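Take a look at the structure below.
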Amino acid sequence: MDVLIIYQYCTFGGVERAILNRAKTFAKHHLNVHISVGYLYDYGALQSFQSYIRANKLDDCLTAFLIVSSVFPNLDQYDLILNIDTPQIFELTLDAKNVFVECHTPYKENRQYLKTIPQNIRGIIVPSESFRALVKSEFPDLPPVFVLPNPVSEEFFEIHSSNEVDFFSKRPITYFARLDELKNFNEAVNIFELFASKEEVMFLVIGNGADDKALVNSLEQKGILEKMLLRDRLDFDLAPSLVDLVRRHRGIFISPSKGESFGLSAAEFISGGVPVLLSNLPAHRELVNYDERFLYELGDIESAEKKIVALLANWEDMHELMRTYSNKFKGSAFISAWQNMTKAEK
């Protein structure tokens, strides 16, 4: 099967990691699926994306390219066309019979295009049951809505580093996401401030804009910069190494996000055995099997502090629970959902 995926921006984000994970899962399960992914714009990540394909020997099942407006792909050569949150190209795919829309955006304003999807769209694809319920409540007249969960690459489940040398003398509380309002970085900073005087912890922050001068100055004024490691971005092949780094320093991952369609970064840390503390959103609840020990209410940073202290104090037990909760992220669940969706499409 030849699949074309079209997505607006090539960034170092969750959609790109989900596509890479799909390709690896198809290859592992020996499914004859080739993905061609075309981006409208490169935000600096396409070279890293293509390097990951080569390094992981995915060339036979995944191709990535930048779409030039004057040379739009020949749609007739594809068995399936997946449009991920890119309504700009609706007009260009009106004559295709095999088009699905994938909605991944947690930004409500960016989902409004679902009000006016063309008649030729066969169905809507979302990454979680909770997001399916949300989308159907917002847009009750949609065509069939399928859940296609994001698989986590097997390398996250197999993290057992042979290099156990400590890089840090402290245990990292880790934030790995965009530094915007929806991802709620300001609340992460508020939580960090509660641990400013605790000698045993540090803060690891990775996200676009993390090296912004105004941000650095703000963190310095809050008295937490000296305990913080900031990095602007992370190439796709380094994500497992990040999870490994946090795991072997017995750290945790936090996400104070105000909205998620799935939560792939959290799923990857969970799959690597790293305990997580997540905002109490429907998608986050699914990730941790509704276990309250790994959830806190948005804005209640005192509760977040107490739960982080408990996670660090009981790290080994929480680590084992993460391994148990991660079974649903393995490739078999994705493959089953994919097969059910493509059978229904026929």
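The values are calculated or read from the model by the stated rules, or taken from the named source; none is laboratory data. Because the structure is a prediction, the values reported are computed rather than measured. Cβ placement follows ideal geometry from the backbone for every residue including glycine, while neighbour counts extend to all protein chains displayed.
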So for segment 264-271 (the condition being hydrophobic (A, V, I, L, M, F, W, C), assigned by TED's automatic domain parsing to the domain that holds residue 170 and closer than 27 Å to residue 122 by Cα), does at least one residue qualify? yes
Would you confirm, using the coordinates I've provided, whether residue 122 is assigned to a strand (DSSP E or B) and either basic (Lys, Arg) or closer than 29 Å to residue 281 by Cα (or both)? yes
Please determine whether any residue of segment 94-109 is more than 21 Å from residue 125 (Cβ to Cβ), at pLDDT below 95 and among the polar types (S, T, N, Q). no
Here are 36, 69: which of them is without any contact (Cβ under 8 Å) to a residue 24 or more places away in the chain and outside the structural domain of residue 236 (by TED's automatic domain parsing)? 69
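Run down 64, 23, 55, 45 and say which single residue is small (Gly, Ala, Ser), closer than 27 Å to residue 207 by Cα and loosely packed, with under 15 Cβ neighbours inside 10 Å.
On the way: 64 fails: loosely packed, with under 15 Cβ neighbours inside 10 Å; 23 fails: loosely packed, with under 15 Cβ neighbours inside 10 Å; 45 fails: loosely packed, with under 15 Cβ neighbours inside 10 Å.
None of the others qualify; the one that does is 55.
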For a quick check of your reading of the model, give me the residue pairs whose first member lies in segment 237-262 and is outside any helix (DSSP H, G or I), whose second is among the charged types (D, E, K, R), with beta-carbon atoms closer than 7 Å and at least 6 apart or on different chains. 249/166; 249/171; 250/171; 251/171; 256/187; 257/183
For residue 269, are the conditions met, namely being crowded, with 24+ Cβ neighbours inside 10 Å, part of a helix (DSSP H, G or I), touching a strand residue (DSSP E or B) at 6+ places or on another chain (Cβ under 8 Å) and aromatic (Phe, Trp, Tyr)? yes
Looking at (1) of a type outside the set (D, E, K, R); (2) in contact with a His (Cβ under 7 Å, 6 or more places away or on another chain); (3) farther than 19 Å from residue 207 by Cβ, which is the only condition residue 15 fails? (3)
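Consider residue 272 carefully, then state whether it is in contact with a helix residue (DSSP H, G or I) (Cβ under 8 Å, 6 or more places away or on another chain), small (Gly, Ala, Ser) and within 19 Å of residue 21 (Cα to Cα). Please lay out each step first, then the result.
Numbers: in contact with a helix residue (DSSP H, G or I) (Cβ under 8 Å, 6 or more places away or on another chain): yes; small (Gly, Ala, Ser): yes; within 19 Å of residue 21 (Cα to Cα): yes.
Spelling it out, residue 272 is indeed in contact with a helix residue (DSSP H, G or I) (Cβ under 8 Å, 6 or more places away or on another chain), small (Gly, Ala, Ser) and within 19 Å of residue 21 (Cα to Cα).
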Got a sec? Which helices (runs of 4 or more DSSP H) wholly within segment 142-236 have at least 1 residues that are within 26 Å of residue 321 (Cα to Cα) and in contact with a strand residue (DSSP E or B) (Cβ under 8 Å, 6 or more places away or on another chain)? 185-194
Report yes if some residue within segment 44-63 is among the aromatic types (Phe, Trp, Tyr), touching a residue at least 40 places away in the same chain (Cβ under 8 Å), within 26 Å of residue 343 (Cβ to Cβ) and not assigned by TED's automatic domain parsing to the domain that holds residue 282; otherwise report no. no
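Do we have residue 217 as assigned by TED's automatic domain parsing to the domain that holds residue 303 and either over 30 Å from residue 52 (Cβ atoms) or touching a Gly at 6+ places or on another chain (Cβ under 7 Å) (or both) here?
Working: assigned by TED's automatic domain parsing to the domain that holds residue 303: yes; either over 30 Å from residue 52 (Cβ atoms) or touching a Gly at 6+ places or on another chain (Cβ under 7 Å) (or both): yes.
Answer is yes for this residue.
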